[in-house]
Amino acid sequence: MGTWNAEAAEHYGRDLRAHIRRLNGRPWARIIDLRGYELHTPEVIEMGRQFAAWAAENGCVFHCYIYSNVMQRDTVKAMFDDSSQARDEATTMEEAVEKC
């Protein structure tokens, strides 16, 4: 996963949106494993906010994050400050799947 910039975030969002559209409105949840995530450029926060809003409007009912450091948690918090979407965190993929 490494470092994210606007181009990487746009690519991720475009691919995920295409996949989600195939669900035809059915509810879905996200597991986001950030253990390999390093840094991001400032615009990634706003792009994350926009994706979170799109996700909420398109059936996402829950987000579960796997963090490896406090910076990641703070980044996600900044992305979701204006969102009422349900989210939680887990320490392993297995725990995240159980929560979803």
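Taking the range 23-44 as the range and being more than 11 Å from the chain's Cα centre (by Cα) and closer than 23 Å to THR91 by Cα as the test, the residues that pass are TRP28, ARG35, GLY36, TYR37, GLU38, LEU39, HIS40.
When ALA56, ALA52 are checked against the criterion of being surrounded by 13 or more Cβ atoms within 10 Å (Cβ to Cβ), under 11 Å from the mean Cα position of the chain (by Cα) and in contact (Cβ under 8 Å) with a residue 24 or more places away in the chain, ALA52 stands alone in meeting it.
Taking ALA8, is it of a type in the set (A, V, I, L, M), exposed (fewer than 14 other Cβ atoms within 10 Å of the Cβ) and free of Cβ contacts under 8 Å to residues at least 40 places away in the same chain? No: the conditions fail for ALA8. Filtered by the rule that a residue be in a helix (DSSP H, G or I) and of a type outside the set (D, E, K, R), the range 27-49 gives VAL44, ILE45, MET47, GLY48. Of all residues in the range 48-100, those satisfying the criterion of being aliphatic (A, V, I, L, M) and in contact with an Asp or Glu (Cβ under 7 Å, 6 or more places away or on another chain) are ILE66, MET93. Scanning the range 10-49 for residues that are acidic (Asp, Glu), closer than 13 Å to THR75 by Cβ and modelled with pLDDT of 90 or more yields nothing.
Anything in the range 67-92 that is outside any loop (DSSP other than H, G, I, E, B) and either acidic (Asp, Glu) or at positive phi (or both)? List them, or say none. Once the filter is applied, which keeps residues that are outside any loop (DSSP other than H, G, I, E, B) and either acidic (Asp, Glu) or at positive phi (or both), the range 67-92 yields ASP74, ASP88, GLU89. Which of the residues that make up the range 59-85 are out of contact with any helix residue (DSSP H, G or I) (no Cβ under 6 Å at 6 or more places or on another chain), surrounded by 12 or more Cβ atoms within 10 Å (Cβ to Cβ) and farther than 21 Å from GLY36 by Cα? Within the range 59-85, GLY59, CYS60, VAL61, PHE62 meet the criteria. Taking CYS64 as meeting all but one of (1) among the hydrophobic types (A, V, I, L, M, F, W, C); (2) part of a strand (DSSP E or B); (3) over 13 Å from the mean Cα position of the chain (by Cα); (4) closer than 28 Å to GLU98 by Cβ, write down the number of the exception. (3) is the only condition that CYS64 fails. PRO27: touching a residue at least 24 places away in the same chain (Cβ under 8 Å) and exposed (fewer than 12 other Cβ atoms within 10 Å of the Cβ), yes or no? When the stated conditions are applied, PRO27 passes them.
One residue alone among ALA96, ALA52 is part of a helix (DSSP H, G or I) and modelled with pLDDT under 90, and that residue is ALA52.
The values are calculated or read from the model by the stated rules, or taken from the named source; none is laboratory data. The structure displayed is predicted, hence computed values, not measured ones. Cβ: placed from backbone, ideal geometry, glycine included. Neighbour counts: every protein chain shown.
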